[in-house]
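The values are calculated or read from the model by the stated rules, or taken from the named source; none is laboratory data. These numbers were taken from a predicted model, which means no experiment stands behind them. Cβ sites come from the backbone with ideal geometry, for glycine too, and all protein chains shown count toward neighbours. Protein only, heavy atoms only, side chains kept; ligands, DNA and RNA dropped before computing areas. Shrake-Rupley method; radii C 1.70, N 1.55, O 1.52, S 1.80 Å.
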Amino acid sequence: MNRGNDIIFHSSYQIHGGIHPPENKAQSNQSPIQDLPIPPQLVYPLLHNDRPLTPTVEVGERVLAGQIIADGKEATSANLHAGTSGIVSAIEEHSLPHPSSDKGQCLVITADGADEWAPRSALKSAFEQPREALLEHINQAGIAGLGGAVFPSHIKLASQVETLIVNAAECEPYITCDDRLMREQASELITAIELVLYLASAKQCVIGIEDNKPEAIAALEEAIQLRKKETDLDIRIGVVPTRYPSGGEKQLIELLTGQQVPQNQRPSALGLLVHNVATLYAIYQAIVLGQPLISRVVTLTGDAATKPGNYRVRLGTPINWLLEQTDTQPYERCVMGGPMMGFELKDLSAPVVKATNCIIAAGKNELSEPSQALACIRCGECADACPASLLPQQLYWFSRAKDFEKTRDYNLFDCIECGACAWVCPSHIPLVQYYRFAKTEIRAQDEEKRKADAARKRHEFRTMRLERDKKERAERHKKAAEKRKNAAQSKGEVDEKKATVADAIARARAKKKAAKDSSS
Amino acid sequence: MFNSSPHQRASNSVSNVMLQVVYAAIPGAAALFYFFGWGVIFNLITCISFCLVSEALTLKLRSQPTAAALKDNSALVTAILLGLALPPLAPWWVAAIGSIFAIVFAKQLYGGMGYNPFNPAMCGYVLLLISFPVAMTAWLPPAPLAEQSASFTDSLSLFLTGRDLDGYYLDTYRYNADGFTMATPLDQLKTGYSMGFMNDELLSHPVFTDFAGVGWQWVNLAFLLGGIYLLARKIISWHIPVSMLIAMAVVSALMSLYDSGQTIGPIMHCFSGATMLGAFFIATDPVSASTTTKGRLIFGAGIGIFVVVIRNYGGYPDAVAFAVLLMNMAAPLIDHFTQPKVYGSPSKTPEVHD
C-alpha cells in the first residue's frame, strides 16, 4: 500500500503467536453510527473498576445532563455524570454488567425527556492553557480508557513521553465501533491526538491499525494530510496485519516498534503512551465541546440483531433497551465485549458502561457451545498461539493442581487473558478460566500473607513493647529497691556505730564495775 | 452454567487430530501389507479390538465416561501404532497381550488420556520384545524374496494356531530361496557384525539389494509420505522428526567415518527398521513428548542418537521403542529447562556494553 507519502507505513515487526479467527466485522461496519434514543431510565453502577463510587446527589434531586452524580476517593476511579436530565429516582441494588452477573448498588435516573444540559465548559484555546488545567478538565470529565481497561486517562496522560501510540487495531472479531469512529470523526481524532501530544510533551504519534480497515486508514490519512497543510505534525499510520491480539497494548507496541515492554513495567518505560481511539474521541469531546463522558459508541451485532451496526448510546442505558430499540430477535446468548474476551450477560437489564464496546446478540450455533473438555494432550498449539510466549499447557497443569507457586514461576501474571490458547485448544479446555482462577487465588493468598505479615509485625511490636515496658518496670523496681536498700543500709550503719559505742560503754562500765568489785 | 471467554473456538478436536494420524498411517500400512502379507492386517485388527475393549473396560472400572473417551480415537492410534510395529504372523496372543498392557498399564493406570508419561504403544512393544524375543524378531521375508508366500487362509491359521493348514510352522515361510532363515536387514547386520563379518560381505546379501533393503525402504518411504501429510495438515510440528532424522544421520555418519567396516551407514539407518514410523508417528505423540519448541528439538535429537547407538551396540536389532521410552523419561526435565523467553522478560544473554 505504498501511496507515495510518508504517512502510512507497514510495520515488519512481528509478535509471537496470535490467531486469525473469523473477523465477522462486515455485519456491523456498513452503516454510519446512529444515535440510540434515550431510555426512560438510566442505571449507573456505583462502581469503577470494581471499586466503589460515592453518589454526590440525593434521591429525588433533579439532575441535568453532564452533571456529576458520583465520584470516587481512589486514584483509579473516575467521575460519573448524568446522561440526561431527570430525577434521581433511586439508589438501589441492580444487575451489573459484570462476568459474575452479580447485583450491586446503582444510581437510577428517571429521564424527564427534556435532555436539558448543565452548562458545558469547553476549554478555549486549549494549547495555551497550562497542562494541569487540561488534565483537571479531563479528570472532571470522567474519562477512562474506553478500550476496556477503564483506567482514568488523566493519570496516564500525566506522564511525559516521546511517542503517542493510538490503539486503533480493534483486533477482536465482531467489534467495529472504533472503525466507524475513525471513518466518521477522523479530523476530530487528529485534534485529540494533537491535544494529547501537547499534554504528554510527545514528539510523534503512530496510529496502529489492522489492515482490514482500509476505509478508516484512508479517512485518517486524509485528515492528517489536511492538517499537515496548516501545521507541522508527525502523525503516521502504522498498518499491522490482521492477527488477534494485535490490539493488546503490549502486542501493538511490539508490532509497531519491535520493542517489548519490560515485565512488570508500563509502556512509559519505553517512552510510549498508548490510548484507544474511543478514549481520544472522549478527550476531544471534553476539551473542545465541553462535554463529559456520558455516551459512547457501542457495536450491536450477532445473528439475532436485525439492525446490526454502531450506536451512540448514553451510558446507563439498559442493554435490553438497546435490543428493543433495534428490533433484535430472540437471541441464543448475549455477550458484552468481543467473542474472545467478552463475557456472557445473564440479565439484560444491566446497563451500558464505559467499558461496553460491543453487544453480541448471538443466534443459534453462532458462538461455540461449552463442550465437555477432554484431557490436555500437550500438543503445544496453545504455546504456539500465545502472544506472551507463555506455556499455557504447563500453566493449565499447575493451575489445575493448585500449584500456584509453579504458576508464578511460569509467569502466569504475564498472561493477558486474550483467549488465543483456548481458541486453538483441540481438547476444548477453558484455559483462561483456569488462569483467572489461579490469579485470583494467588492475589488472595498474597493479600492474606500481607495481612498476616502486618498482624505478625503488630504482634511482634506489641510483644517487644510489653517486654520493654516490663524490662523498664523491672529496671525501675530494681533501682528503687537498691535505693531503699542503700537507704536502709546507711541507716543500719548508723545503728551499728551506736551499738558499737554502746557495747564499748557497756564493756567499760563492766570493767570498771569489776575493778571496783575486786578492789573492795 | 458459567461460560468463560473465549466464546468461539477453532474447529479442531482431539478426535480429529487422532483420526488424521490414522489416515496418515494408511500408506505405511499398505506398504507393510504389500511386502509382508495378511499378518499385518490380522495384527491391526487384533490390536484395535483389544485396545478398544481394554480402554472401555478400564474406564468403566474407573467410573469414567466411556463413550466420550473412546470417541477421542487415542486408543485407536495406540492400537494402530502397536499393530504396525509387530512382526506379521506372530501369534495372535502377542498382539493381544501387547494391546492390553499398552492400554491398561501404560495408559489407564497413569490416569488415562493425557496423563501417561510413556508412549503406550511403545510400552506394549517393549514388554513383548523382552517377554517373547523369538516371536518378536521372527519377521517374514519381504514378498520379493520369499520362497513361498502364505495365502489368506494359511496366514489366518498361522496367526491363530501357529501352524498353517498343512501343519507347517511359521519358520517354513521364513526360509529364502537359498534355504537360509530371513531376518530384517538390521537383524542381518547385527548378527553379521557379531560373527565378525564386515559391511562389504554383509551388504552383498540379497536383502540389501536396493539402497536400504528390499521392502523396508518402501515401507519407510510410505511412512515418510504419511509424515509429510501430518506436517502439511499441521497435526505435528517438524521439530521432533527432523531433529531425530538429522541426529541419526549425523551420528551414524560420524561413526561410519570412524569404523566403516562394522557400523550401519546413515542411509540404512534412516530408511530401515522403524525409523520413519518412529520419527513421524511415535516420537511425535504429544502426551509423552517434550512440549516446548526447543525441548522438542532436544527430544527428537536424543531419540535419534539413542536409536543409532542401540542399533550398533545394543542387544536388539531395532531401537526406536527403547529410544522413545528413554526420552519420554527425560521430557519433563527437558521442558523445565527449555521454557521460552516470555514477552518483556530480561534476555538471558547479558548485554555487552563498551
- Item | FRET E, pair B:ALA232, B:SER11, Förster distance 22 Å, beta-carbon r, rounded to 0.05 | 0.80
- Shape category assigned to the range A:332-412 from the gyration tensor of Cα positions, a/c cut at 1.5: prolate
- Relative to the Cα centre, what is the charge dipole magnitude of the protein assembly as shown, using +1 at the beta carbon of each Lys and Arg, -1 at the beta carbon of each Asp and Glu, and rounding to the nearest 20 debye? 5760
- Could I have the simple spin-label model distance between A:SER490 and B:ILE130, label points 7 Å from Cα toward Cβ, reported in nm to one decimal? 9.5
- Note on the structure: Cα extents of chain A per principal axis, largest first, Å, are 152, 62, 50
- Considering Cα pairs under 8 angstrom that are at least six residues apart, work out the relative contact order of the range B:183-336 and quote it in whole percent. 28
- So for the pair B:LEU333, A:LYS457, with labels modelled 7 Å out along Cα→Cβ, what separation do we get in nm? 4.3
- Item | Rg over Rh, two decimals, the range A:184-275 (C-alpha only, Kirkwood Rh) | 0.97
- Query: Non-local amide H neighbours of A:PHE151 (under 5 Å, H modeled in plane, Pro and chain starts lacking H): which ones?
  - Reply: A:GLY145
- Query: Which whole number gives the average count of other chain Cβ atoms within 10 Å of the Cβ atoms across peptide A:407-415?
  - Reply: 2
- Gaussian network model of chain B, Cα within-10 Å springs - most flexible of B:ILE100, B:ILE130, B:ILE310: B:ILE130
- Query: Residues of A:425-438, mean number of Cβ from any other protein chain within 10 Å of their own Cβ, rounded to a whole number?
  - Reply: 4
- Amide H proximity to A:LEU47 below 5 Å, modelled H, separation 5+ or other chain, gives A:LEU53
- Item | Ranked packing of A:140-151, B:256-267, most packed first, by mean Cβ within 10 Å | A:140-151, B:256-267
- Keeping every protein chain in place, order B:SER13, B:SER49 by accessible area at 1.4 Å, biggest value first, i.e. largest first. B:SER49, B:SER13
- Query: In whole percent, what relative contact order does the range B:131-242 give with Cα contacts below 8 Å and a gap of six or more residues?
  - Reply: 22
- Other-chain or far-sequence residues with amide H under 5 Å of A:SER89's (modelled H): A:GLY60, A:VAL108, A:ILE109, A:THR110
- Number of partner chain Cβ atoms within 10 Å, mean per residue of A:388-397: 4
- Inter-part gap, Cα centre of the range A:306-362 to Cα centre of the range A:425-503, in whole angstrom, is 59
- Note on the structure: With the convex hull built on the alpha-carbon atoms of the range A:227-359, volume per residue in Å³ sits at 172
- Which FRET efficiency, nearest 0.05, do B:TYR169 and A:LYS203 yield, Cβ-Cβ r, R0 60 Å? 0.10
- Task: Starting from the Cα gyration tensor of the range A:393-491, take the square roots of the eigenvalues, sort them a ≥ b ≥ c, and report rounded, prolate or oblate (rounded when a/c is under 1.5, otherwise prolate if a/b is larger than b/c, else oblate).
- Result: prolate
- Message: If Rh is defined by the Kirkwood formula over all Cα pairs and Rg also comes from Cα, what ratio Rg/Rh do you get for the range B:183-336?
- Response: 0.99
- Could you please state how large a percent of the accessible area of the range A:314-397 is carbon and sulfur, counting protein chains only and using a 1.4 Å probe? 48
- Taking all pairs of different Cα atoms in the protein assembly as shown, averaging 1/r and flipping that mean, what Kirkwood radius in angstroms comes out? 33.1
- Measure out, as a whole number of angstrom, how far apart the alpha-carbon centroids of the range B:85-148 and the range A:225-250 sit. 61
- Label A:ARG468 and B:LEU257 with points 7 Å out from Cα along Cα→Cβ: what is the distance between them in nm? 7.5
- Cα convex hull of the range B:79-163: how many Å³ per residue? 99
- Message: Give me a comma-separated list of calculated 3J(HN,Hα) values for the range A:31-46, in order, Karplus coefficients 6.51, -1.76, 1.60 applied at θ = phi - 60°, integers in Hz, x for any Gly or Pro.
- Response: 10, x, 5, 10, 7, 8, x, 6, x, x, 9, 10, 10, 10, x, 8
- Task: Give, as ranges by residue number, the residues of the range A:50-73 whose backbone N falls under 16 Å from the point 7 Å along Cα→Cβ of A:ARG120.
- Result: A:64-68
- Item | Length-normalised contact order for chain A - Cα pairs under 8 Å, 6+ apart - percent | 17
- Considering only protein heavy atoms, what is the solvent-accessible area of A:LYS346 at a probe of 1.4 Å, reported in Å² to the nearest 10? 110
- Note on the structure: Note, the range B:99-109: 3J(HN,Hα) by Karplus (6.51, -1.76, 1.60, θ = phi - 60°), whole Hz, Gly/Pro = x, goes 5, 4, 5, 4, 7, 6, 8, 6, 10, 5, 5
- Item | For the protein assembly as shown, share of DSSP beta bridges that run antiparallel, in % to the nearest 5 | 60
- In Å³ and rounded to a whole number, note down the convex hull volume per residue for the Cα atoms of the range A:317-374. 90
- Query: Among the helices of chain A (complete DSSP H runs), which have Cα atoms covering no less than 18 Å along the helix axis and a Kyte-Doolittle mean of at least -1.0?
  - Reply: A:186-199, A:214-230
- Please list A:439-447, B:38-46 highest first by mean number of surrounding beta-carbon atoms within 10 Å per residue. B:38-46, A:439-447
- Query: Could the peptides A:332-345, A:451-464, B:231-244, B:51-64 be put in order, highest first, of the mean number of other beta-carbon atoms found within 10 Å of their residues?
  - Reply: A:332-345, B:231-244, B:51-64, A:451-464
- For the range A:132-237, state the semi-axes of the equivalent ellipsoid (square roots of 5 times the eigenvalues of the alpha-carbon gyration tensor), sorted largest first and rounded to whole angstrom. 22, 19, 12
- Note on the structure: Calc'd 3J(HN,Hα), the range A:67-76, phi into Karplus 6.51 cos²θ - 1.76 cosθ + 1.60 (θ = phi - 60°), Hz, glycine/Pro = x, comes to 7, 5, 10, 7, 9, x, 6, 7, 5, 8
